Amino acid sequence: MTDWSPRTKLVHGGVRRSHYGETSEAIYLTQGFVYPDAETAERRFISSGEDEFIYARYGNPTTRMFEDRIAALEGAEAAFATASGMAAVYAALTCQLQAGDHVVSSRALFGSCLYIAETILPRFGVEVSFVDGTDLEQWRAAVRQGTKLVFFETMSNPTLEVIDIAGVAEIAHAAGAKVVVDNVFPTPVFQRSLALGADIVVYSATKHIDGQGRCLGGVVLGTEEFIRGPFETFVKHTGGALSPFNAWVMLKGLETLDLRCRAQAETAAAIADALPGTPGLARLIYPGLPDHPQAEVMKRQMETGGTMLALEIEGGKAGAFRFLDALEIVRISNNLGDAKSLITHPATTTHQRLTPEQRAALGISDGLVRLSVGLEDGDDLIADLKRALESV
Ligand SMILES: *Cc1c(COP(=O)(O)O)cnc(C)c1O
């Protein structure tokens, strides 16, 4: 399987076929497992084999198929699925931290990731330093000998800044720190963070992996030693396991992930090409454009500009609201990575909790909107966006 190309891995990777020979993967909707005899139960509690399960909080055949399939795509030794993206982020960080440890994180984080780094970790005696993730000098200044972890999202939400994974990894590794990357925005199709130097990669599978807005889920990838060691131990005792039904949805989502992400990215690039110059649009941010501030890093680490855009609408909040309310195809939602194009006004929703100063520091103006491009026809989307811009 290792020499299969990504698309083949996404269709066949991790399959565990039962004696019925089913074509499509089975949903093992079971909490537990029975043993043929007491001796087997005893032995399995000492050490479970590759295809032996105990309890769905520890592992389940359908969940394992999802984990093995995404691990095959990423070229990771192992993966562990979680109930949501936040369960994945929380466990990936917490399972390896204790009081007195030091963490360096980029400042531009998904709201709940910021809450963990800024509020929860310090409560348990972990010191967290924040940096502008795009500035390697700031990482160099903040990481010190003994720093345990560095954490960042690239591209960042919602301003789509790109962080140099290899550059940060070099700084972190020199100090003995592990690198944890939230890879949701670039998707596993367009960016292989492990290959670029990350030690641990985290996904909200809720986004592109499901891709059709149905289930919450998450997954963490890394070495066999990390996943089967501290990570699995933490999750199995704290209860963040993914439901087997949701795992099945994610598993089937992987089969079409490459096709969907490529179609969505192609449309995103067409929108980035078509919209500039339209009255009402002050600025368009798309990581695939040559004028993106980190265009050089982009070219090195991402295969396309991805499926997300940020638009600065003229007229501040009022202008942005008129634009959103005039859209007919693109729907207003804080979610992303869906088959349906979704748009959000971060200043009044996902980033409402921040002070105006904090928002300004992150480049989140009152006119900024974030667009997640779906699977609709590109020309229809461009017409919808242009018409709505005219109403601004
Ligand atoms: C959505 C998201 C999460 C959280 O995932 P959930 O599945 O909603 O818990 C974390 N990081 C990023 C970048 C996200 O977009």
(message) Of 375, 66, 113, which is farthest towards the positive pole of the chain's charge dipole, taken about the Cα centre with +1 and -1 on the beta-carbons of Lys, Arg and Asp, Glu respectively?
(response) 113
(message) I want to verify a result. In a Gaussian network model of the chain, Cα cutoff 10 Å, which of these has the top mean-square fluctuation: 39, 137, 328?
(response) 39
(request) Treat every Asp and Glu Cβ in the stretch 9-127 as -1 and every Lys and Arg Cβ as +1, leave all other atoms uncharged, and give the resulting dipole magnitude about the Cα centre to the nearest 20 debye. (result) 320 debye
(message) Using only the heavy atoms of the protein chains and a 1.4 Å probe, how would 129, 48 rank by accessible area, largest first?
(response) 48, 129
(message) About the Cα centre, and with charges only on the beta carbon of Lys, Arg (+1) and Asp, Glu (-1), how big is the dipole of the stretch 6-253? Nearest 20 debye, please.
(response) 420 debye
(request) Quote the FRET efficiency, to the nearest 0.05, computed for residue 19 versus residue 48 with a Förster distance R0 of 25 Å and r equal to the Cβ-Cβ distance. (result) 0.75
(request) Using R₀ = 22 Å, calculate the FRET efficiency as 1/(1 + (r/R₀)^6) where r is the Cβ-Cβ separation of residue 291 and residue 361; round to 0.05. (result) 0.50
(request) Any lysines with Cα under 19 Å of the residue 9 Cα? List them, leaving off those in the same chain fewer than 8 positions away. (result) 252
(message) Can you tell me which of 159, 63, 278 moves the most in a GNM of the chain? Springs connect C-alpha atoms under 10 Å apart.
(response) 278
(message) Counting only helical runs of four or more DSSP H residues, what would the 222 nm mean residue ellipticity of the chain come to if each run contributes -39,500 (n - 2.57) and the total is spread over all its residues?
(response) -10500 deg cm²/dmol
(message) On a full-extension model of 0.36 nm per residue, what is the gain between residue 225 and residue 57, subtracting their alpha-carbon distance, rounded to one decimal in nm?
(response) 58.5 nm
(request) Treat each spin label as a single point 7 Å out from the Cα along the C-beta direction, and report the residue 99 to residue 237 distance in nm. (result) 1.7 nm
(message) Please enumerate, by chain and number, the lysines with C-alpha under 25 Å from the C-alpha of residue 317, excluding those fewer than 8 residues away in the same chain.
(response) 340, 386
(request) Working from Cα positions, state the angle (0 to 90°, nearest 10) between the long axis of helix 61-74 and the longest principal axis of the chain. (result) 50 degrees
(request) Mind checking the per residue accessible area of the chain for me, 1.4 Å probe, whole number of Å²? (result) 42 Å²
(request) For helix 244-274, report the angle its Cα long axis makes with the longest principal axis of the Cα atoms of the chain; keep it between 0 and 90° and round to the nearest 10°. (result) 20 degrees
(message) Restricting to bridges with both residues inside the chain, how much of the DSSP beta-bridge set is antiparallel, in percent to the nearest 5?
(response) 55 percent
(message) Could you work out what % of the accessible surface of the stretch 28-104 is carbon and sulfur, using a 1.4 angstrom probe and leaving DNA, RNA and ligands out of the count?
(response) 52 percent
(request) Kindly state, as a whole number, the per residue volume in cubic angstrom of the convex hull around the alpha carbon atoms of the chain. (result) 139 Å³
(message) Taking 0.36 nm per residue of sequence separation and subtracting the Cα-Cα distance, how much length would be gained by fully extending the chain between residue 383 and residue 26, in nm to one decimal?
(response) 124.3 nm
(message) Which of 122, 287, 186 ends up with the largest GNM mean-square fluctuation for the chain, with Cα atoms connected below 10 Å?
(response) 122
(request) Taking 7 Å along the Cα-to-C-beta vector as the label spot, tell me the residue 326-residue 140 distance in nanometres, rounded to one decimal. (result) 4.7 nm
(message) Output wanted: per-residue J couplings in Hz (rounded whole) for the stretch 358-366, from phi through Karplus 6.51 cos²θ - 1.76 cosθ + 1.60, θ = phi - 60°, x for Gly and Pro.
(response) 5, 5, 4, 5, 8, x, 9, 7, 6
(message) On a full-extension model of 0.36 nm per residue, what is the gain between residue 115 and residue 273, subtracting their alpha-carbon distance, rounded to one decimal in nm?
(response) 53.3 nm
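The values are calculated or read from the model by the stated rules, or taken from the named source; none is laboratory data. Given the structure is predicted, the values throughout are model-derived calculations rather than measurements. With ideal geometry, Cβ positions are generated from the backbone for all residues, glycine too; neighbour counts draw on all protein chains shown. The protein model used for the area step is the full one, side chains on, heavy atoms only, and it has no ligands, DNA or RNA in it. Shrake-Rupley method; radii C 1.70, N 1.55, O 1.52, S 1.80 Å.
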